[in-house]
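What follows is a single structure, written as structure tokens, with notes after it.
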Amino acid sequence: MDKNRYSSIDFLRFAAAYTVAITHLTINHFQPNLELEIVSSMAVEVFFIISGFVLAPQIIRLATENIFSNYKIFLIRRWYRTIPLYILSLLLTSLILNKFITLDLVKYLLFIQNFFHLSVVEDYFSISWSLSVEEWFYIIFPLFLIIISFFFNLKKNNLIIASLFFIILIFLIRFFFANHDDWGSDVRRIVLFRLDSIAFGFLLYFFKDLIVNNKKNLFKLFILFLIVSLITFKLFESNIEENLLYLKLISHYVIAIWGSSLLIFVYLLDKYIVNKFLIKMNFFLGKISYSTYLFHLLLIYIIGSFNEINFEFFLVIFTVSQVLISIMLFNIIENPILKSRPNYQKIYKSSFKE
């Protein structure tokens, strides 16, 4: 088992994916609901913080070892992990919705549908916006640090400063070029304006062990999470219903604080999870979380027309189907591909010290 893998974070990853799936299912079964849309949006933001956090050791290595070929390996490893299932889900969804021969499909395949603005005619694969942010982050952020490393020795403090500079740079781009009139579709879901959302998770990695891990501090973190959750929810609500630029500008940082407080709480909680069955269950849920996120809309499109069925029974059918499909996809597609990923080159040991 990977010593850098935390079962609690795997559970959080699945919980976020399942939350998105259930909110979309509920909205489809009943009617559009602002509160559920906000909950779904907040759940997606958790993915960004997790990605930056768990990828931090690999990105740190890229920035400190000066082995440029490992940057290519990093991208290949990420693409092996993310793209095959993405393409399968996209093609099946396009086929079912009769969108197979469209320019929109090409844009989704290249992750350019929301790079500068939402450019598709019909956003029928709406869940892809967050994956575009992820894919472009894999390319841009490590390359940014690698370029910086040519001029500076990127030890811990310099890596933190470089990350903060990247976050400030994205803020300036967002401030001068974003159209905040429609914050949701024109800012929050646009790649160029959201690359910092994952960088916050990367930055969090450097401070993960500063809090003394005891139950008292865990309780304090949980209270902080609840308070920031309420503030974040209200900010989402305000940004949808009002046009207050200062709220829209600070929203990204409040969201980052919220996601970071949740992730640190879960990270510290991990040492208290000692039951082997629970640990294995969390790892299992983490493995199927990606397919849960990618295929839940497709499943809704297929079985979502049965609105006359009792919702509780419908929910059970949806959940069981989702888990079975995810298990099948992991064993048949994901796992064999993951095992074939190339390994990083080992030329010399990184000088980076946590």
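Taking segment 249-338, which trypsin sites (Lys or Arg not before Pro) meet the DSSP loop condition and have no more than 14 other C-beta atoms within 10 Å?
Hits after loop and neighbour filter: nothing returned.
For the chain, find the longest principal axis of its Cα atoms and tell me its angle to the long axis of helix 156-177, 0 to 90°, nearest 10.
40 degrees
Strictly greater than 19 Å: what percent of every Cα pair in segment 1-149 meets that?
Value for segment 1-149: 63 percent of Cα pairs lie more than 19 Å apart.
If you average the C-alpha positions of segment 234-285 and of segment 177-202 separately, how far apart do those two centres end up, in angstrom?
Centre-to-centre (Cα) distance: 17 Å.
Quantify, in whole percent, the carbon and sulfur part of the accessible surface of the chain (1.4 Å probe; protein heavy atoms only).
For the chain, the apolar C and S fraction of the accessible surface comes to 68 percent.
Sorted by accessible area with a 1.4 angstrom probe, largest first, how do Phe277, Phe202, Phe225 fall?
Phe277, Phe225, Phe202
Listed highest first by mean packing, meaning other Cβ atoms within 10 Å per residue, what order do 322-328, 146-152 come in?
Highest mean packing first, the order is 322-328, 146-152.
Based solely on its DSSP helices, what 222 nm [θ] is calculated for the chain when runs of n ≥ 4 H residues each add -39,500 (n - 2.57) and the sum is averaged over all residues, nearest 500 deg cm²/dmol?
So the helix-based figure for the chain works out to -24500 deg cm²/dmol.
In whole angstrom, and with the biggest value first, how far do the Cα coordinates of the chain range along each principal axis?
Cα extents, longest axis first: 62, 49, 48 Å.
Compute the helix-to-body angle for 34-65: its Cα long axis versus the longest principal axis of the chain, expressed 0 to 90° and rounded to tens.
Rounded to the nearest ten degrees, it is 30.
Keeping all protein chains in place, calculate the accessible area per residue for the chain (probe 1.4 angstrom), answer in Å².
Value for the chain: 49 Å² per residue.
With every protein chain kept in the model, how would you rank Tyr290, Tyr246 by accessible area, 1.4 Å probe, largest at the top?
Tyr246, Tyr290
Given bins 5 angstrom wide, list per bin the percent of all Cα-Cα distances in segment 33-108, short to long.
Per 5 Å bin, starting at zero, the Cα-Cα P(r) for segment 33-108 comes out as 3, 12, 13, 13, 16, 18, 12, 7, 4, 1 percent.
The values are calculated or read from the model by the stated rules, or taken from the named source; none is laboratory data. Only a predicted model underlies this, so the values are computations on that prediction, with no experimental measurement involved. Don't worry about glycine lacking a Cβ; one is built from the backbone with ideal geometry, like all the others, and counts go over all protein chains shown. Quick note on the areas: whole protein, heavy atoms, side chains included, nothing else; ligands and nucleic acids left out. Shrake-Rupley method; radii C 1.70, N 1.55, O 1.52, S 1.80 Å.
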